[in-house]
1. Here is a check on your reading of the model: is D86 under 20 Å from G44 (Cα atoms) and without any contact (Cβ under 8 Å) to a residue 60 or more places away in the chain?
2. Across segment 238-261, which residue is nearest to T187 (Cα to Cα) among those that are of a type in the set (V, I, T) and within 13 Å of the ligand (Cβ to nearest atom)?
3. Taking only pairs six or more apart or across chains, which ones have beta-carbon atoms under 6 Å, a first residue in segment 157-181 that is in contact (Cβ under 8 Å) with a residue 24 or more places away in the chain, and a second residue that is part of a helix (DSSP H, G or I) and surrounded by fewer than 20 Cβ atoms within 10 Å (Cβ to Cβ)?
4. Could you check segment 216-225 and list, in sequence order, the residues that are near the ligand (Cβ under 6 Å from one of its atoms) and surrounded by 24 or more Cβ atoms within 10 Å (Cβ to Cβ)?
5. Condition check: assigned by the TED database to the domain that holds G210 and among the hydroxyl-bearing types (S, T, Y). Does T155 satisfy that?
6. Show the residue pairs that are 6+ apart or on different chains and have beta-carbon atoms under 8 Å apart, the first residue being within segment 273-288 and more than 11 Å from V304 (Cα to Cα) and in the same structural domain as T242 (by the TED database), the second being at pLDDT below 95 and of a type outside the set (G, A, S).
7. So which residues in segment 157-214 are farther than 29 Å from I338 by Cβ, under 14 Å from the mean Cα position of the chain (by Cα) and not β-branched (V, I, T), if there are any at all?
8. Restricting to segment 175-197, and then to whatever is within 17 Å of N113 (Cβ to Cβ) and more than 9 Å from the ligand (Cβ to nearest atom), can you tell me which residue is surrounded by the most Cβ atoms within 10 Å (Cβ to Cβ)?
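The values are calculated or read from the model by the stated rules, or taken from the named source; none is laboratory data. For clarity, every value in this text was computed on a predicted model and none was experimentally measured. Glycine gets a Cβ as well: all are built from the backbone with ideal geometry, and neighbour counts include every protein chain shown.
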Amino acid sequence: MALLKVTFGFTILSVLSFTGSLAHPGFSGWGGTDPIGGGGVSFGLFPEFYQFSCPQANDIVMSVLKKAIAEEPRMAASILRLHFHDCFVQGCDASILLDDSATVVSEKNSGPNRNSIRGFEVIDEIKAKLEEACPQIVSCADILALAARGSILLTGGPYWELPLGRRDSRAASLSGSNTNIPPPNSTIQNLITFFKRQGLNEVDLVALSGGHTIGVARCVTFKQRLYNQNGQNQRDETLEKTYYLGLKSVCPISGGDNNISPLDFSSPVRFDNSYFKLILCGKGLLTSDAVLFTGNIGYIMDLVRSFAEDEDFFFHQFAKSMVKMGNINPLTGFNGEIRKNCRGVN
Ligand code: HEM
């Protein structure tokens, strides 16, 4: 297992983490200003955030996760995806965890999430244990980030230092969920645009797509490729022939929409670089996977090749890009709240 450390210039921030954990007054945004420089005080996220207020936070997350993934290996994938779908909609603020209520229209019913996103019970169990150990200290948004990192570690992927201190939103955005999460039939240009909107570049796009080295997709998300890719009742010619025939048996032209197929059939519960090896030979499941190589953008194709050849390089870049994704628009300081129950505002 590759152990990677993504290092940050947090020396000063870590000294201040005690105050930060308890009150974190006035923290705003991510790492913009030198904390003691002329620009005034500005705090972001930092790995030691719970060092004094809830030192056992990560251990609690890991113990619940370990059990859940042992019971159902796919859960690692489902939890990673929860964090992604959280961060792409108004930032990493646990908005995705909110249920419908008098004041909230849940993101759980958006096109990308409905009948698809899962893992909420595992997050509930983690939260319940954390509330027992350190009441109202650890945010649901940080639980998602910790659980995503843990899921990758437990399935054989890299470890990295994870900036913490996100707070939870008091609102969800159904429309944001419908418009900001890229659809599976995206072109390469679409994908680049969706990621740019979140401050993520092409390298992040390719590395984070490597999240599809674990987990599954429903037939409805790739059916078009088998029967009607170009609107003329033809298959996607970039799909390798035997792989295509196998997919057709899982995903018939009518019905079977909820049948599932692994995103990386060679090692569906192992976090490794085989996803990229499959893409190179026409065995990526979704259009959005395939276009990383067939989209004909030279430097993106080169990245796919490099990740396929060098797993350490993929792990290193994946860890960096996960930190970047986890830093999308966090609520800090007096913004947001620490929910008592991840499914509802306090
Ligand atoms: C690049 C654009 C992306 C598109 C178009 C996309 C699309 C999809 C789709 C359609 C599914 C299957 C959903 C279903 O059948 O219900 C899926 C599953 C999944 N996605 Fe993505 N995804 C993208 C990026 C990402 C990223 C950045 C991550 C994480 C870093 C990720 C992690 C996952 C995981 C782990 C699963 C499997 C979930 C499970 O088995 O429960 N995806 N994705």
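1. On the way: under 20 Å from G44 (Cα atoms): yes; without any contact (Cβ under 8 Å) to a residue 60 or more places away in the chain: yes.
Yes: the conditions hold for D86.
2. Restricting to residues being of a type in the set (V, I, T) and within 13 Å of the ligand (Cβ to nearest atom), the top hit is I260.
3. Partner pairs satisfying both residue conditions: Y159/L153.
4. none
5. Criteria not met by T155.
6. If the second residue must be at pLDDT below 95 and of a type outside the set (G, A, S), the pairs left are T287/Q229.
7. Scanning segment 157-214 gives P182, F195, L205, A207, S209, G210, H212.
8. Restricting to residues being within 17 Å of N113 (Cβ to Cβ) and more than 9 Å from the ligand (Cβ to nearest atom), the top hit is S177.
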